[in-house]
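Here the structure comes first, spelled out in structure tokens, and everything after it is commentary.
The values are calculated or read from the model by the stated rules, or taken from the named source; none is laboratory data. Everything numeric here is computed off the predicted structure, so don't read it as measured data. For neighbour counting, all protein chains shown are included, and Cβ atoms are generated from backbone atoms with ideal geometry for every residue, glycine included. Surface areas here come from the heavy atoms of the whole protein model, side chains and all, with no ligands, DNA or RNA. Shrake-Rupley method; radii C 1.70, N 1.55, O 1.52, S 1.80 Å.
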Amino acid sequence: MRSRILFLLFLLVLFSGPLIVGSSGSLWTAIVWYASLLTATLTIMKLERLGPLFVYRKGIVLRSLLYLLLLYGLLAVTSLVFPQESSVVQKMSLDPVMIVLLVILAPLAEEVAFRGYAQSVAKKRFGTNGAIIVTSLLFSFFHPFSIFPQIFVTSLLLGTIKEVHGSLVPCIIVHCLNNVVALVVSL
């Protein structure tokens, strides 16, 4: 019963973000919300005794770079099957606060929330493959629907990486680097 209540609390915090941040439009609101998501998720994971999250192994950075290349190959194929409108890429400015949010805080909070907590909870109920799919659906619904296929494929790869390595470290590195590339492309 306690686990279900904690999971519902997690979902409430998770899906309140797009509503709160979207309605305020403030960068600082987004930062506070992502920090709250990270804190709430880590607290729930501690209460549920889930972990370890951040296992660092030799060579993980190089592997993460290779995973990033694999991701872009998969995204190229996905974009051929599900072409995007060119208006999906939004132009952004180089605001230092925005850079910290997109390149560090958002990927860290999202990986802890989705691959760290949601995937661990789903794995108990649906097994490894089911958990990766369920978490990828949640992750995709959390992002703009116009890029659903690309986000879903990205999440499938990140979920698989987490299961292969038993750590969020490579997922966080790939997610951060992907956001760096997205930021550079949007300039």
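The table below gives the values:
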quantity	calculated
Unique match (being of a type in the set (A, V, I, L, M, F, W, C), more than 14 Å from the chain's Cα centre (by Cα), at pLDDT 95 or above and under 17 Å from residue 10 (Cβ atoms)) among 131, 109, 113	131
Residues that are under 14 Å from residue 106 (Cβ atoms) and not in a helix (DSSP H, G or I), drawn from segment 128-167	143, 144
Boolean, residue 157 is under 15 Å from residue 113 (Cα atoms) and out of contact with any strand residue (DSSP E or B) (no Cβ under 6 Å at 6 or more places or on another chain)	no
Hits in segment 93-115 (condition: assigned to a helix (DSSP H, G or I), surrounded by fewer than 22 Cβ atoms within 10 Å (Cβ to Cβ) and touching a helix residue (DSSP H, G or I) at 6+ places or on another chain (Cβ under 9 Å))	97, 98, 99, 100, 101, 102, 103, 104, 105, 106, 108
Filtered residues of segment 46-80 (kept if under 18 Å from the mean Cα position of the chain (by Cα), of a type in the set (Phe, Trp, Tyr) and not in a helix (DSSP H, G or I))	54
Test: residue 159 is open to solvent by less than 40 Å² (accessible area, probe 1.4 Å), farther than 15 Å from residue 75 by Cβ and free of Cβ contacts under 8 Å to residues at least 24 places away in the same chain	no
Per-region count, segment 116-128, residues surrounded by fewer than 20 Cβ atoms within 10 Å (Cβ to Cβ) and under 15 Å from the mean Cα position of the chain (by Cα)	1
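One line per residue, one yes/no per condition, for (1) open to solvent by 40 Å² or more (accessible area, probe 1.4 Å); (2) within 21 Å of residue 115 (Cβ to Cβ); (3) among the β-branched types (Val, Ile, Thr):
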site: 4; (1), (2), (3): yes, yes, no
site: 15; (1), (2), (3): yes, yes, no
site: 25; (1), (2), (3): yes, no, no
site: 30; (1), (2), (3): no, yes, no
site: 46; (1), (2), (3): yes, yes, no
site: 60; (1), (2), (3): no, yes, yes
site: 77; (1), (2), (3): yes, no, yes
